[in-house]
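Every read-out reported here was derived from the displayed coordinates using simple, explicitly stated rules and does not represent laboratory data. A quick note: this is a predicted structure, and the numbers were derived from the prediction, not measured. All Cβ positions, glycine included, derive from the backbone under ideal geometry; neighbour counts span all protein chains shown.
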Amino acid sequence: MILMNDFKAEPPELQAAMLCAAKRVIESGWFVLGKEVSAFEQQWALACGLGYGVGVGNGMDAIEIALRALGVGRGDEVITTPMTAFATVLAIIRTGATPVLADIDPQTALLSLDSASRCVSANTKAVVLVHLYGQIREMDLWVAFCANYGIALIEDCAQAHLASLNDKTAGSFGIIGAYSFYPTKNLGALGDAGIIVTHDEKLAVRASQLRNYGQSVRYQHPELGLNSRLDEMQAAILLERLKWLPDFTERRRQIATAYFDGIKNPYVTCPALPESRSAHVYHLFVVTCPCRDALQAYLQQNQIQTFIHYPIPIHMQEPCRNLRHDPFGLVNSERHADTCLSLPCHPQMSDEDIATVIAAVNSFQGK
Ligand SMILES: Cc1ncc(COP(=O)(O)O)c(C=O)c1O
C-alpha cells in the first residue's frame, strides 16, 4: 500500500539522531520550557526571518494565543476560510471572538480576497489567512488589504513550513505566524507541538506569558492565560528533524513536478501551479475530480491511500452552522469539499511509488 505518510520508512540516520536527542533530554533532568525549547524557538524564528519564536503546545493554541496577544476577543470578528482544519476556527472561537467565513478561490482553494472584502464589518479585527496545502499566494495583496482596513494579518502556517515568496517566508508577512508541528506536518514532532513567530517583541512577550497561565514572573498572573507550553523532548526532536526539512521539502517538490507532468486524465484536475517554486511546499497535493468518491475507491483498490482535505466545510459543521459568512454564499468551498482528493506526497515515496500513483490516476475511467 502506498501510504499518505510513512514514518517507519524514514532514514535510519534520522531515527538514530532522534534517539540521541531523546537521551540528551532524559539525562538533562529538565523537561518543559528549557534549553531545547529556547534553541528551537531561536532556530525556527531565524528560519522564518523573524526575531522571535514562542513555542507552544500545538498549532491550534498558536492561533488562539496569537489572537489573544493582539487583544482580539469578545465582540470582535475574525475573517477566515471554511476550507481549513477545524482547529483554525475553533481557535478563533476560543478567544471569545466570532469567526466570519469568506469563500475560497476555486482555482487555489485559498481564501478569496473579493469574498473577504464582503465580510469586513466595523467589528473586524483580524484575518486568519490559511496557507492551505502548503501554498502562499498574493501576499502583497493580503498585506495591503489588511493595512487598508486597519486589521491584523495572522498567518496559519500549519501546512506551509518555510514556503517563501519574494524572499519572505510564511509567517513573516503579517503580524504573527502560527505553526503546527503535529507529526504529519512537513516538520513534525513526535507528539503535539506548535510555535508563534513574530517580529514584534511585545507580542512575543505577551504570547510567552499567555502560554504559561498568563504568568509574567513566577507566581504572578497579570492576566488569564492557558497551559500550552512546549516540552523539551518535542523541541529536541524538532531540532533534529529541522536539519532534514530542506531535503524533505525538495523531495515533495519533485513528487509534485512528476504529478503535474504525468497526470493526464480528463476526469482529474491538478492543483494550480504555484506563484514560484518556493511558494509551495506540497504538504498536500490535492486534485479535484467530479466523481471524487469513485476515484478514491479506485485508488484504494490499487493499493493507494488517499485522504480528503476537507470533506465538510466549516459552515456545515454542527456548531458552526450559524456563523456569519459572505452574503454571496460559500459555494466554491462546498464544491471543493465535494471534489477534492489528496494524493500521497511525502518524502519517503520512491520513484516507483510516484509512477504507480500516476499510472493508477491515469487509468481511472470515471464512475
Ligand atoms: C491549517 C491548520 N491549522 C491549524 C491546525 C492545528 O494544528 P494542531 O493540530 O497542531 O493543533 C492544523 C492541523 O491540523 C491545520 O492543518
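Descriptive notes on the structure:
- Among beta bridges that DSSP assigns inside the chain, antiparallel share in %, nearest 5: 60 percent
- Under the Karplus curve 6.51 cos²θ - 1.76 cosθ + 1.60, θ = phi - 60°, whole-Hz ³J(HN,Hα) for region 51-56, x wherever Gly or Pro sits: x, 9, x, 10, x, 9
- Global form of the chain, assessed from the alpha-carbon gyration tensor, a/c cut-off 1.5: oblate
- Cross-link pairs beyond the 32 Å C-alpha cut-off, checked among Lys185/Lys264; Lys23/Lys168; Lys8/Lys125; Lys243/Lys264; Lys23/Lys202; Lys35/Lys202: Lys23/Lys168; Lys8/Lys125; Lys243/Lys264; Lys23/Lys202
- R0 of 41 Å, Cβ-Cβ distance Arg74-Asn166: FRET efficiency to nearest 0.05: 0.65
- Prolate/oblate/rounded call for region 162-221, Cα gyration tensor, a/c under 1.5 rounded: oblate
- The Kirkwood hydrodynamic radius of region 1-43, based on inverse pair distances between different Cα atoms, is 12.5 Å.
- Between amide H atoms placed 1.01 Å from N, distances below 5 Å from Thr98 occur with Gly75, Asp76, Glu77, Val78, all of them 5 or more places distant or on a separate chain.
- Amide H contacts under 5 Å for Ile304: Ile2, restricted to partners 5 or more places along the chain or on a different chain, H placed in the peptide plane at 1.01 Å from N.
- 3J(HN,Hα) from dihedral phi, region 202-211, Karplus parametrisation 6.51/-1.76/1.60, rounded to Hz, x for glycine, proline: 4, 5, 5, 5, 5, 5, 6, 6, 4, 5
- In region 1-146, the DSSP beta bridges split such that about 10 percent are antiparallel, to the nearest 5.
- If the chain linking Phe86 and Gln220 were pulled fully straight, counting 0.36 nm for each residue of separation and taking away their Cα-Cα distance, it would gain 44.9 nm.
- For region 89-96, backbone phi angles converted through the Karplus equation (6.51, -1.76, 1.60; θ = phi - 60°) give residue-by-residue couplings of 6, 4, 4, 5, 4, 5, 6, x Hz, Gly and Pro being listed as x.
- Projected label points at Arg321 and Lys367, each 7 Å from Cα along the beta carbon direction, are separated by 2.8 nanometres.
- Across Asn227, Asn166, Asn265, mean-square fluctuation computed from a Gaussian network of the chain (C-alpha pairs under 10 Å connected) peaks at Asn166.
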